[in-house]
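In what follows, a structure is listed as structure tokens, so that the remarks can point back to it.
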Amino acid sequence: MYSLNSLSVDTSPETLGRTNDGYYNAADNGIDFTKFLEVTTRSIPIPIIAPINTSRTLDERSLSEIISSGLASPRAPRTLESVKSSECLEALLSPSIRSSGGTPHDHPSFEPHPMIADAWEALRRSLVYFRAKPVGTIAAMDPTEESLNYNQVFVRDFVPSALAFLMNGEPEIVKNFLLKTLRLQSIEKRIDCFTLGEGVMPASFKVLHDPVRKTDTMIADFGESAIGRVAPVDSGFWWIILLRAYTKSTGDHSLADMPDCQRGMRLILTLCLSDGFDTFPTLLCADGCCMTDRRMGIYGYPIEIQSLFFMALRSAKSLLKPEGEGRDLLERIDKRLHALSFHMRAYFWLDHTQLNNIYRYKTEEYSHTAVNKFNVIPDSIPDWVFDFMPIKGGYFIGNVSPARMDFRWFAIGNCMAILSSLATPEQASAIMDLFEARWEELVGDMPLKVSYPALEGHEWRIVTGCDPKNTRWSYHNAGSWPVLLWMLTAACIKTGRPQIARRAIEQVEKRLSKDGWPEYYDGKLGRYIGKQARKFQTWSIAGYLVAKMMLEDPSHLGMIGLEEDKKMMKPGLTRSASWTA
């Protein structure tokens, strides 16, 4: 899944074109970013946790009850974000209690699994240091495989590690990571003779230590070394989401309030909200622009990017200051959120009723009265969908664009749709129903299928370009990825279905550690360690830890979950502005 070739780098300053602060080929703007790392977190008193009524199981308690028994925020919710109330998920903060023993804080009601200590030990071994400060975790530490780019710190990969450290009361590494990647954003990004947008965040970075000169150098990849040479669209979104998670966890708003963090968010969002030729509020993307970073036919408007885009917009809305450039951007965010939520909920959603509607579509419809707005040919519906779709349940399909609907299931897009409240409460419940109805297909023996079903035969050859790594039921082609366990768990807690997460975690605990924490599993049920999977994959380790800590203390959901914004109601359909009688 990773997208850098192995690096052979001369670490001399002349060759690297390094700036004085140790970054590669930076168009230095004269800002000393090192001073930001020394901003102290405001002192937060450790709150008293109200006793939880244990007469009922977590399954029987509503989400509002879980929230009300959680922790109160030391700072009132920001008025910029329009959410349900101060008692909702947006007001939650996780406990920031650092464990003196280097392992998670033990709660009296929680019996730790033997895997937890092993996971923490492995996670700490993966730490990467820049000038003696931890700045991230490398992708994998498999001693039996060539490192290639698995010795890099990837933005998307670090997110579960960051959440684990935040939940364990260790926010400093997350703060360092956010500032260092922000510094890398300011570097001029050139691929061949072409310059990328100013707001693009790196896919990954590598720290080179020179023991002779006693210097550290940070080298970023923005796609110029990537497999397929594709820039990461998701890195910027994950950065904003993680900034909000840090703020919610620590109560430290000084980081997000920094002028340079505000500017970093504005650059990312301006890049995505710029006007163009597109008639849809969704974000147009290339293949390989996200976790599915090899050709898998996701070009167009992939569900993963749309869900992350939606969540990043909402996260930024709670962090951006309404002064100066921020005011105009907040207005644009509001308009885009309104249009995007309507578009996704109306056109990407598929359940039994909607599938039957598409099956009966008429084609070649013209004018604003068209029902089949994208001119989808009913004969293009694959046969597997009719058997896969239960009477009760539904999901957001993989892609919608002119004359094309990708009916495949994608886990990240659907889980993040729940966490961001892109999915309505009814749709979120239907996605959980689908999990229960299609457990073997989507979860199997090792959670969780990244996509379903697999591309096979001629379709696989055409869509993937005969990619030998993406053969059927492997890697991105319907492989099973343990890292997705944390997203599933968070979605289960948010929808009041923690029993689903417990069942998945129990399956993981049977073999993940024994198998050496592999990157992914192969086969229809995920029974086989991936044929090219790295072991001691950091995000497999961190994903398990986050899932366990979140299930133990559901208030942790507050740093990654968003309540539904009641202002984003479905708008009335209006005639196109270009229509004339």
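The values are calculated or read from the model by the stated rules, or taken from the named source; none is laboratory data. If you're wondering where the values come from, they're calculated on a predicted model, not measured in any experiment. All Cβ positions, even for glycine, are placed from backbone atoms using ideal geometry, and neighbour counts span all protein chains on display. Remember, those area values only see protein heavy atoms, side chains included, never the ligands or the DNA or RNA. Shrake-Rupley method; radii C 1.70, N 1.55, O 1.52, S 1.80 Å.
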Original post:
What do you reckon, is Tyr150 over 11 Å from Ser204 (Cβ atoms), in contact (Cβ under 8 Å) with a residue 60 or more places away in the chain and out of contact with any Pro (no Cβ under 7 Å at 6 or more places or on another chain)?
Top reply: no
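Can you name the residue in segment 513-543 that is of a type in the set (S, T, N, Q) and open to solvent by less than 10 Å² (accessible area, probe 1.4 Å) and is also nearest to Arg502 (Cα to Cα) among such residues?
First, pick out the residues of segment 513-543 that are of a type in the set (S, T, N, Q): 513, 532, 537-538, 540.
If we keep only those that are open to solvent by less than 10 Å² (accessible area, probe 1.4 Å) too, we end up with 537-538, 540.
Details: Gln537: 22, Thr538: 22, Ser540: 17 Å.
Here the residue is Ser540.
Looking only at segment 523-581, count how many residues are aromatic (Phe, Trp, Tyr), more than 18 Å from Cys492 (Cβ to Cβ) and modelled with pLDDT of 95 or more. I'd like the intermediate steps shown before the answer.
Of the residues in segment 523-581, the ones aromatic (Phe, Trp, Tyr) are 528, 536, 539, 544, 579.
Applying the additional criterion that residues be more than 18 Å from Cys492 (Cβ to Cβ) yields 528, 536, 539, 579.
Pick out the ones that are also modelled with pLDDT of 95 or more and you get 528, 536, 539.
Looking only at that region, the number is 3.
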Original post:
For segment 382-459, list the helices (runs of 4 or more DSSP H) that sit wholly inside it and hold at least 1 residues that are modelled with pLDDT of 95 or more and surrounded by fewer than 18 Cβ atoms within 10 Å (Cβ to Cβ); which are they?
Top reply: 383-388, 425-437, 439-442
Subject >> Members of segment 160-196 found to be open to solvent by less than 10 Å² (accessible area, probe 1.4 Å) and among the small types (Gly, Ala, Ser), listed by number >> reply: Ser161, Ala162, Ala164, Gly169
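Can you name the residue in segment 483-512 that is of a type in the set (S, T, N, Q) and surrounded by fewer than 24 Cβ atoms within 10 Å (Cβ to Cβ) and, of all such residues, is nearest to Gly444 (Cα to Cα)?
Of segment 483-512, the ones of a type in the set (S, T, N, Q) are 489, 495, 499, 507.
If we keep only those that are surrounded by fewer than 24 Cβ atoms within 10 Å (Cβ to Cβ) as well, we get 495, 499, 507.
Values: Thr495: 21, Gln499: 16, Gln507: 9 Å.
Filtering segment 483-512 for residues that are of a type in the set (S, T, N, Q) and surrounded by fewer than 24 Cβ atoms within 10 Å (Cβ to Cβ), the one nearest to Gly444 (Cα to Cα) comes out as Gln507.
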Original post:
Can we say Asp157 is in contact with a strand residue (DSSP E or B) (Cβ under 8 Å, 6 or more places away or on another chain) and surrounded by fewer than 22 Cβ atoms within 10 Å (Cβ to Cβ)?
Top reply: no
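Here's the yes/no breakdown for (1) at positive phi; (2) touching a Leu at 6+ places or on another chain (Cβ under 6 Å):
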{"position": "Tyr361", "(1), (2)": "no, no"}
{"position": "Ser367", "(1), (2)": "yes, no"}
{"position": "Asn372", "(1), (2)": "no, no"}
{"position": "Asp387", "(1), (2)": "no, no"}
{"position": "Met405", "(1), (2)": "no, no"}
{"position": "Asn414", "(1), (2)": "no, no"}
{"position": "Ser420", "(1), (2)": "no, yes"}
{"position": "Pro425", "(1), (2)": "no, no"}
{"position": "Leu434", "(1), (2)": "no, no"}
**OP:** Could you please tell me which pairs satisfy a Cβ distance under 9 Å, a separation of 6+ or placement on different chains, a first residue in segment 449-462 that is touching a residue at least 24 places away in the same chain (Cβ under 8 Å), and a second residue that is of a type in the set (Ser, Thr, Tyr) and in a strand (DSSP E or B)?
**Re:** Lys449/Ser480; Val450/Ser480; Ala454/Ser474
Original post:
Can you name the helices (runs of 4 or more DSSP H) wholly within segment 232-312 that have at least 2 residues being open to solvent by 10 Å² or more (accessible area, probe 1.4 Å) and more than 26 Å from Ile173 (Cα to Cα)?
Top reply: 259-273
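What are the residues in segment 205-224 that are among the hydrophobic types (A, V, I, L, M, F, W, C) and either open to solvent by 40 Å² or more (accessible area, probe 1.4 Å) or part of a loop (DSSP other than H, G, I, E, B) (or both), if any? Spell out the reasoning first.
Quick first cut of segment 205-224, residues among the hydrophobic types (A, V, I, L, M, F, W, C) only: 205, 207-208, 212, 218-220, 222.
Answer for segment 205-224, where residues must be among the hydrophobic types (A, V, I, L, M, F, W, C) and either open to solvent by 40 Å² or more (accessible area, probe 1.4 Å) or part of a loop (DSSP other than H, G, I, E, B) (or both): Val212, Phe222.
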